[in-house]
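Data block below; observations after.
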Amino acid sequence: MFHLRTCAAKLRPLTASQTVKTLSQNKPAAIRTFQQIRCYSAPVAAEPFLSGTSSNYVEEMYCAWLENPKSVHKSWDIFFRNTNAGAPPGTAYQSPLSLSRSSLATMAHAQSLVEAQPNVDKLVEDHLAVQSLIRAYQVRGHHIAKLDPLGISCVNFDDAPIRGHHVAQLDPLGILDADLDSSVPADIISSTDKLAFHILHNTAFRKAADQARKAAVVMAVPFWNMMAYCQHIGVEFMFINDLEQCQWIRQKFETPGIMQFTNEEKRTLLARLVRSTRFEEFLQRKWSSEKRFGLEGCEVMIPALKTIIDKSSENGIDYVIMGMPHRGRLNVLANVIRKELEQIFCQFDSKLEAADEGSGDMKYHLGMYHRRINRVTDRNITLSLVANPSHLEAADPVVMGKTKAEQFYCGDTEGKKVMSILLHGDAAFAGQGIVYETFHLSDLPSYTTHGTVHVVVNNQIGFTTDPRMARSSPYPTDVARVVNAPIFHVNSDDPEAVMYVCKVAAEWRSTFHKDVVVDLVCYRRNGHNEMDEPMFTQPLMYKQIRKQKPVLQKYAELLVSQGVVNQPEYEEEISKYDKICEEAFTRSKDEKILHIKHWLDSPWPGFFTLDGQPRSMSCPSTGLEEDVLAHIGNVASSVPVENFTIHGGLSRILKTRKELVTNRTVDWALAEYMAFGSLLKEGIHVRLSGQDVERGTFSHRHHVLHDQNVDKRTCIPMNHLWPNQAPYTVCNSSLSEYGVLGFELGFAMASPNALVLWEAQFGDFNNMAQCIIDQFICPGQAKWVRQNGIVLLLPHGMEGMGPEHSSARPERFLQMCNDDPDVLPDLQEENFDINQLYDCNWIVVNCSTPGNFFHVLRRQILLPFRKPLIVFTPKSLLRHPEARTSFDEMLPGTHFQRVIPEDGPAAQNPNNVKRLLFCTGKVYYDLTRERKARDMAEQVAITRIEQLSPFPFDLLLKEAQKYPNAELAWCQEEHKNQGYYDYVKPRLRTTIDRAKPVWYAGRDPAAAPATGNKKTHLTELQRFLDTAFDLDAFKKFS
């Protein structure tokens, strides 16, 4: 800070007499130097121009001068030279004066020089005034830009509506009306000062200034600022805290004549507008009573997307992954992705039969994958549009995850080959929190996709809701400011302005690898859909829309007037595309069958047969050789990096692991380690994500070791298992469930040869991601013929931790399973268990042993198809001394056990068994402890159902038949209206052909998942254990 103190001390007002007096008292000056000199003997009076605000400015000028004296105006250069040399301010540079008392003439000459010095105060004030005006345009110019094609918007900025163009909004100090010194040279406002207006460096401006009157240099500032910031483009960027990025944007918008298009580019733009507009008009003519969520009012979106893709392809991108809501999706499929038109048109045929299993989905929700030649760059480009539900922004993190995966698999560590484009509606972009969650993933190391181009289709309305009722911020795009993403607002009725900002957006992403937002300010010509009547709620807006010329007509008239095209050429372009549509419509009538698989957004070439079927219907053993198990266990219990200091507590954990390996047993953490490590050996990428997963919520995993002496030095032993193993990714996520689970789902979409897992911090936190579970994971294959092998690890268990940290809500997952509780399948079918898995929509398990957890993770990859896997993982069992598995149960030939039958004394004498208890998960250990305490090992058998869905009818039938004299009961620790009972009971009854009742032993129904009182928890536990082992408990109901 001594720069400021030194300058502030030097920049004081001195009268001419004071100057002479000071000079007369000084000794002969030493050789002048331009190094920094501390001076603490300056007068105490302040310079008139040195205030609380100008001091920062003067300091910046001084620092710039120290780096390069030519970087500031000449007057500043002289000023700083004098002050730094020890001369009082206000005097021009002079040779050292003789300070003898007889040199009166010399002193008089010095006094006359001081009086003749230009008015530095006025110079600085004029400079600051011009800079303030320039900055006002840069910061607030978008407030008065002509962005609304309807001309009716009234955005409230600072509680003051702005309509039209008011210079006073940007010139509150009245700079333009002030008496600026006409002698202010042009270079005072074209200096390389960091706030300088870029346009003023350009010779075009200087030429314009030379043609103006004496004061035109200053008066040209608002003219060029208005041209840059107040026309059909509004730029928000001055909140960005990176100087290089701000200067880059200034150069893109402040340089005169930069937004110029060749005639060929204009003709291409016109042709794209023709296709976009005539496609919607064709659909309207043929199917006027069908919902299609057309693009009318924002037809420019299609050329905008194609421009972004063209520019990105030019910059090296060869794969673009897109996500969007339903408005305009058919147009994007037809004119951007290049889906065959007949395939789109046949979707409107109500007689079309579905050829694929599942429910299918609406035509405006479907996705697509296509590889083609980009005609502008003549390079191959792959385009993927991800299928999306009506939950408008839900696909955002899914697209990001798929993009990250594609970048990972092709080694694109900087996002130079694969990128994402997200389209949004204005109401959804402002209103849905998933947008914020997705933005906050954008720069995290394990989640960044190195920049996404966001395109907002700003209808200026929600369904029927005005913006003033839909958001509290002036713009729908304000959420993007949290990640310093520049925001380009543009009037969609100016196609050339739209194309320019799209080019800039693509260049920004290519240059800085950060997010950017293009806000297409448009309108919605129809209602929310083609059947909707918008005049009910927005009469004035839609009266204006009815008068509005379509953008194609406007632009065509402009190009005809400019001589770029003539009317016959324009009409020929229209007729040519109309003919293409008519021919495709004719061909569409020949389509009799609807193939949803033709709309697949993420194909897995080579994984399935050519007709999309599994290559086999069997699953090999999931066991491993003992030397592999031992090797993984040894690495898991060591630190494979030299000179790496770990925490003392972690040393004890690793020592315990080593003892387990020596004893040929595994606990939960070690079983997981072995499953992951063995898959890595087989070339399968493993990615584990979620909150605190590196260490594990319960401090059991420790997959990332931290050096206790070196900051940020870490070690992942899993990546040190084998020389040519696949990489292991384990990453703590942001405190987000919805966004992160969507991201991991997208990552798992990209390839079947990866085990992608998301772990909730506690199981019940999955309800924060319920939209992803309900709309994507559960029905994804049924709707979009898209398989996905994502794994959800949900810690679950009633352990007295209160309502919020107990239940993963298994009842919800089981309720959404697609099997029929009242139909007993053909148990004699070959590969019954694998066929069950193939037919289900997801797999739900609750393992009671580490070994079974190991097997189910490996089975997830060894299956010949992919299904989501829901695992209710334990908490107390992580360290339970009985929750151990021997290596013998993990060797070659072993498999995942869907059911673990009773193997104690009860199994030896099944006819003597009075009660057969079915259970799942941790409660088994409570039951065995209680049975032992009551000495009922021969009277009560306990069978564990490890795989709840698909339901193991075949194995449970054997168990029920094995104990002919036993009554059947289901025991769970969850409340009766929760947990598994409502799912298991009807299926058990179907299994035994309803020959016996299935009784219930567990907690009573309740609203909350668990009690918060420890004593109540223990009382409830003992009560249902008493019921489970009281052989007379159910007689009163018989």
Anything in region 46-74 that is polar (S, T, N, Q), in a helix (DSSP H, G or I) and either modelled with pLDDT under 80 or open to solvent by 30 Å² or more (accessible area, probe 1.4 Å) (or both)? List them, or say none.
S54, S55, N56
Residue ID - least open to solvent (accessible area, probe 1.4 Å), chosen from residues in region 524-546 that are of a type in the set (A, V, I, L, M) and at pLDDT 80 or above:
I545
Assuming G800 fulfils every condition listed in (1) within 22 Å of P874 (Cα to Cα); (2) without any contact (Cβ under 8 Å) to a residue 60 or more places away in the chain apart from one, which condition is it?
(2)
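Can you find even one residue in region 872-885 that is in contact with a Ser or Thr (Cβ under 6 Å, 6 or more places away or on another chain) and in a loop (DSSP other than H, G, I, E, B)?
Among the residues of region 872-885, at least one is in contact with a Ser or Thr (Cβ under 6 Å, 6 or more places away or on another chain) and in a loop (DSSP other than H, G, I, E, B), which makes the answer yes.
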What helices (runs of 4 or more DSSP H) lie completely within region 421-512 and have 1 or more residues being closer than 17 Å to G323 by Cβ?
426-431, 433-439, 495-512
Anything in region 462-495 that is among the acidic types (D, E) and either surrounded by 16 or more Cβ atoms within 10 Å (Cβ to Cβ) or touching a Gly at 6+ places or on another chain (Cβ under 8 Å) (or both)? List them, or say none.
D478, D493, D494
Could we say that Q787 is out of contact with any strand residue (DSSP E or B) (no Cβ under 7 Å at 6 or more places or on another chain), on the phi < 0 side of the Ramachandran plot, surrounded by fewer than 19 Cβ atoms within 10 Å (Cβ to Cβ) and modelled with pLDDT under 95 here?
no
Restricting the first residue to region 536-552 and requiring it to be touching a residue at least 24 places away in the same chain (Cβ under 8 Å) and under 12 Å from Y523 (Cα atoms), which pairs with a second residue that is open to solvent by 60 Å² or more (accessible area, probe 1.4 Å) and assigned to a loop (DSSP other than H, G, I, E, B) meet a Cβ separation below 6 Å and a spacing of at least six or different chains?
Q544/I152
How about region 225-245: which of its residues are surrounded by 19 or more Cβ atoms within 10 Å (Cβ to Cβ), in contact with a Lys or Arg (Cβ under 9 Å, 6 or more places away or on another chain) and in a helix (DSSP H, G or I)?
A228, Y229
Every pair of residues 6+ apart whose Cβ atoms lie under 7 Å, when the first sits in region 377-393 and is touching a residue at least 24 places away in the same chain (Cβ under 8 Å) and under 17 Å from L305 (Cβ atoms) while the second is aromatic (F, W, Y) and not in a loop (DSSP other than H, G, I, E, B):
T382/Y319; S384/Y369
Checked region 295-317 for anything touching a Pro at 6+ places or on another chain (Cβ under 9 Å) and of a type in the set (V, I, T); matches are V300
Could you tell me which numbered condition D1030 fails, if it satisfies all but one of (1) open to solvent by 70 Å² or more (accessible area, probe 1.4 Å); (2) farther than 26 Å from F953 by Cα?
(1)
Output the residue which, of all residues in region 877-890 that are touching a residue at least 60 places away in the same chain (Cβ under 8 Å) and exposed (fewer than 15 other Cβ atoms within 10 Å of the Cβ), is nearest to G612 (Cα to Cα).
D888
Can you find even one residue in region 961-984 that is basic (K, R), free of Cβ contacts under 8 Å to residues at least 40 places away in the same chain and farther than 21 Å from P874 by Cα?
no
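Conditions tested, residue by residue: (1) closer than 23 Å to N818 by Cβ; (2) without any contact (Cβ under 8 Å) to a residue 40 or more places away in the chain; (3) not acidic (D, E).
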site: D707; (1), (2), (3): no, no, no
site: K712; (1), (2), (3): no, yes, yes
site: M718; (1), (2), (3): no, no, yes
site: S733; (1), (2), (3): no, no, yes
site: A748; (1), (2), (3): yes, no, yes
site: A754; (1), (2), (3): no, no, yes
site: N766; (1), (2), (3): yes, no, yes
site: Q775; (1), (2), (3): yes, no, yes
Unique residue being farther than 28 Å from G763 by Cβ, open to solvent by 30 Å² or more (accessible area, probe 1.4 Å) and at pLDDT below 95 when the list is T645, T662
T645
In region 581-639, residues that are touching a residue at least 24 places away in the same chain (Cβ under 8 Å), of a type in the set (V, I, T) and not in a helix (DSSP H, G or I) total 3
Residues satisfying the stated conditions in region 124-166, i.e. at pLDDT below 75 and of a type in the set (F, W, Y)
F157
Selection within region 409-468 - among the hydroxyl-bearing types (S, T, Y) and in contact with an Asp or Glu (Cβ under 6 Å, 6 or more places away or on another chain)
T438, S442, T452
Condition check: over 20 Å from D707 (Cα atoms) and more than 38 Å from the chain's Cα centre (by Cα). Does T622 satisfy that?
no
Of the residues that sit in region 798-815 and are modelled with pLDDT under 95 and of a type in the set (A, V, I, L, M), which one is most open to solvent (accessible area, probe 1.4 Å)?
M801
Of (1) outside any helix (DSSP H, G or I); (2) open to solvent by less than 50 Å² (accessible area, probe 1.4 Å), K549 satisfies every one except (2)
Any residue that is within 39 Å of the chain's Cα centre (by Cα) and part of a helix (DSSP H, G or I) - is there at least one of those in region 515-533?
no
For region 843-863, check the following and say yes or no: at least one residue is under 41 Å from the mean Cα position of the chain (by Cα), open to solvent by 50 Å² or more (accessible area, probe 1.4 Å) and either small (G, A, S) or at negative phi (or both).
no
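Which helices (runs of 4 or more DSSP H) does region 902-1021 wholly contain that include 3 or more residues that are of a type in the set (D, E, K, R) and open to solvent by less than 30 Å² (accessible area, probe 1.4 Å)?
Qualifying helices (runs of 4 or more DSSP H): 923-934.
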Which condition breaks for V300 when tested against (1) open to solvent by 10 Å² or more (accessible area, probe 1.4 Å); (2) touching a residue at least 40 places away in the same chain (Cβ under 8 Å)?
(1)
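The values are calculated or read from the model by the stated rules, or taken from the named source; none is laboratory data. It should be emphasised that the depicted structure is a prediction, and the values quoted were computed from it without experimental measurement. Cβ coordinates were reconstructed from backbone atoms using ideal geometry, including for glycine residues, and neighbour counts include every protein chain displayed. Accessible surface areas use protein heavy atoms only, side chains included; no ligands, DNA or RNA. Shrake-Rupley method; radii C 1.70, N 1.55, O 1.52, S 1.80 Å.
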